[in-house]
Amino acid sequence: TPHLTPDPAQGAAVKAADRAHVFHSWSAQGLIDPLAVAGAEGSYFWDYEGNRYLDFTSGLVFTNIGYQHPEVVRAIQEQAARMTTFAPAFAVEARSEAARLIASHTPGDLDKIFFTNGGAEAVENAVRMARLHTGRHKVLAAYRSYHGATNTAINLTGDPRRWASDNGSSGTVHFWAPFLYRSAFYSATQEEECARALQHLEDTIVFEGPAGVAAIVLETVPGTAGIMTPPPGYLQGVRELCDRYGIVFVLDEVMAGFGRTGKWFAAEHDDVVPDLMTFAKGVNSGYVPLGGVAISGAIAETFEKRAFPGGLTYSGHPLACAAAVATIRVMEEEKVVENAAHIGASVIGPGLRDLAERHPSIGEVRGTGMFWALELVRNRETREPLVPYNATGADAAPMAAFGAACKKNGLWPFINMNRIHVVPPCNVTEAEAKEGLAALDEALAVADEHTA
Ligand code: PLP
């Protein structure tokens, strides 16, 4: 394996140049200490000191087939040798084939693919399509959501990062989506939570004025905000509200799509077909930036005679599309989606529930496929989070100590506020899944020390 020989001097040089010149996203530049990473393969990556980590984060939840899959690397190399780049307004084999393959897996009549360079840009364009299609302006989005960091996307986002937006709400209205563990509706059961959340959404539509609402945008399974699978019937209920009021239903599958939940798209669990569906990340395992919007027949028709005003220089870049074609073929041939469902149901799910029996710091285990969250709490009865909401510095110390314990055990964890997101690659093996669970088991002892 290349670069596995430790080379601390080179690591120090990489780190020094990073510290001197790289301005990192979402970080206080003086407070971060990024690991210098030397290489990656499959479910692992390693540093220059010779430490190897099992990646239970899939990067930023995008390496759905792991790092450096040889088929995808080869496809990128072949595309680079043949035609590295080309302008968007041409029919290019890699782009045509990527669109055809994506459309073969998207639900219903979501058969036209608008390519973007990532997730936020897909959300921007989906909202623009919905506004032009309906002639309306307002967009409804959920609290406890993440849709990206560009203008419209950050306004739709329902977490504190939205506060940084200096553009106001841009016609965005937030509502509460269902989440039984911390219910906004004080529900006792999933049925109650579903019914109350749908009533709340309809009230929001009515009070905002249905004739002005262009779209409802939801993550099929909200990811960044805590991996909260909606109760049965909720998404179907939203579909019905959209139909009743002539509103475009946008499902954001940037994180949940391409196998993450154990289906190609999470909407399949609920048999629901949105009007627009955004994707990115897993579409090509994040090897080259790519995202897009899958568009229904009715909305595609709107733009048959009238141009859709959108698209960037690199939209549908051949290298990114070639990576998507190879990734989707690998997923089909190696049954990666089936693997995510199987390992999720037979190893990760039962393993996490077993941890919850032995660790008082685990308040809830939830998820499906390769998409799980552990909610860490000080007290199971009160559900007080292990660290306060949006904690930093000393307040966040218990989670930081837990994270450090994971890393000491060779596991790279995804930590978000008081939660651990367990999101390994969708082609993770049973042995890797068990290795990660064992490392979590040890590290959770550190979190348990903070329970009361
Ligand atoms: N939508 C969802 C559901 C996401 O999880 C993310 C990123 O995590 C985005 C949109 C933004 O994607 P990107 O960072 O590629 O712009």
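The values are calculated or read from the model by the stated rules, or taken from the named source; none is laboratory data. All values derive from a computational prediction rather than experimental measurement. Here the Cβ positions follow ideal geometry from the backbone for every residue, glycine too, while neighbour counts run over all protein chains shown.
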Note: among Ala373, Ala396, Ala391, Ala405, just one is in a helix (DSSP H, G or I) and within 21 Å of Gly226 (Cβ to Cβ), namely Ala396
Would you mind stating whether Thr157 is in the same structural domain as Val221 (by TED's automatic domain parsing), touching a residue at least 12 places away in the same chain (Cβ under 8 Å) and among the β-branched types (Val, Ile, Thr)? yes
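Residues checked against (1) surrounded by fewer than 22 Cβ atoms within 10 Å (Cβ to Cβ); (2) under 25 Å from the mean Cα position of the chain (by Cα):
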position: Ala341; (1), (2): yes, yes
position: Pro350; (1), (2): yes, yes
position: His359; (1), (2): yes, no
position: Gly363; (1), (2): no, yes
position: Leu374; (1), (2): no, yes
position: Thr382; (1), (2): yes, no
position: Gly403; (1), (2): yes, yes
Looking at the range 128-157, which of its residues are assigned to a helix (DSSP H, G or I), within 12 Å of the ligand (Cβ to nearest atom) and of a type outside the set (S, T, N, Q)? Ala153, Ile154, Leu156
Can we say Ile348 is in a strand (DSSP E or B), under 15 Å from Ile227 (Cβ atoms) and among the hydrophobic types (A, V, I, L, M, F, W, C)? no
Any chance the range 168-189 includes a residue that's more than 13 Å from the ligand (Cβ to nearest atom), among the polar types (S, T, N, Q), more than 25 Å from Glu268 (Cα to Cα) and out of contact with any helix residue (DSSP H, G or I) (no Cβ under 9 Å at 6 or more places or on another chain)? no
Residue list for the range 1-21, filter: under 29 Å from Thr150 (Cβ atoms) and surrounded by fewer than 12 Cβ atoms within 10 Å (Cβ to Cβ): Ala17, Ala20, His21
Enumerate the pairs (first residue in the range 223-242 and among the β-branched types (Val, Ile, Thr); second residue anywhere and modelled with pLDDT of 95 or more and assigned to a helix (DSSP H, G or I)) with beta-carbon separation below 7 Å, excluding pairs fewer than 6 apart on the same chain, so at least 6 apart or on different chains. Val238/Leu201
Does the range 136-147 include one or more residues that are touching a helix residue (DSSP H, G or I) at 6+ places or on another chain (Cβ under 9 Å), under 30 Å from Ala195 (Cβ atoms) and hydroxyl-bearing (Ser, Thr, Tyr)? yes
Quick one: which helices (runs of 4 or more DSSP H) lie wholly within the range 1-89 and hold at least 1 residues that are in contact with a Lys or Arg (Cβ under 8 Å, 6 or more places away or on another chain) and at pLDDT 95 or above? 58-61, 70-83
Flagged in the range 179-217 as among the polar types (S, T, N, Q), in contact (Cβ under 8 Å) with a residue 60 or more places away in the chain and under 23 Å from Arg419 (Cβ atoms), in numbering order, are none
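Here's the yes/no breakdown for (1) in contact with a Leu (Cβ under 9 Å, 6 or more places away or on another chain); (2) within 21 Å of Ala326 (Cα to Cα); (3) at pLDDT below 95; (4) among the basic types (Lys, Arg):
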{"position": "Arg95", "(1), (2), (3), (4)": "no, yes, no, yes"}
{"position": "Arg100", "(1), (2), (3), (4)": "no, yes, no, yes"}
{"position": "Thr116", "(1), (2), (3), (4)": "yes, yes, no, no"}
{"position": "His137", "(1), (2), (3), (4)": "no, no, no, no"}
{"position": "His147", "(1), (2), (3), (4)": "yes, no, no, no"}
State yes or no: is Arg74 basic (Lys, Arg) and surrounded by 14 or more Cβ atoms within 10 Å (Cβ to Cβ)? no
The condition from (1) of a type in the set (Ser, Thr, Tyr); (2) within 19 Å of the chain's Cα centre (by Cα); (3) surrounded by fewer than 20 Cβ atoms within 10 Å (Cβ to Cβ) that Thr106 misses is numbered (3)
Test: Val173 is within 23 Å of Ala122 (Cα to Cα) and surrounded by fewer than 18 Cβ atoms within 10 Å (Cβ to Cβ): yes
Does Ala122 fit the bill of being closer than 22 Å to Leu198 by Cβ and within 16 Å of the ligand (Cβ to nearest atom)? no
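Residue by residue, here is whether (1) over 30 Å from Glu430 (Cβ atoms); (2) among the aliphatic types (A, V, I, L, M) holds:
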{"position": "Gln29", "(1), (2)": "yes, no"}
{"position": "Ile65", "(1), (2)": "no, yes"}
{"position": "His69", "(1), (2)": "no, no"}
{"position": "Glu93", "(1), (2)": "yes, no"}
{"position": "Glu97", "(1), (2)": "yes, no"}
{"position": "Thr106", "(1), (2)": "no, no"}
Six or more apart or on different chains, Cβ atoms under 6 Å: show the pairs whose first residue is in the range 110-121 and assigned to a loop (DSSP other than H, G, I, E, B) and whose second is within 16 Å of the ligand (Cβ to nearest atom). Leu110/Met277; Leu110/Ala294; Asn117/Pro289; Asn117/Tyr314; Gly118/Ala280; Gly118/Pro289; Gly118/Gly291
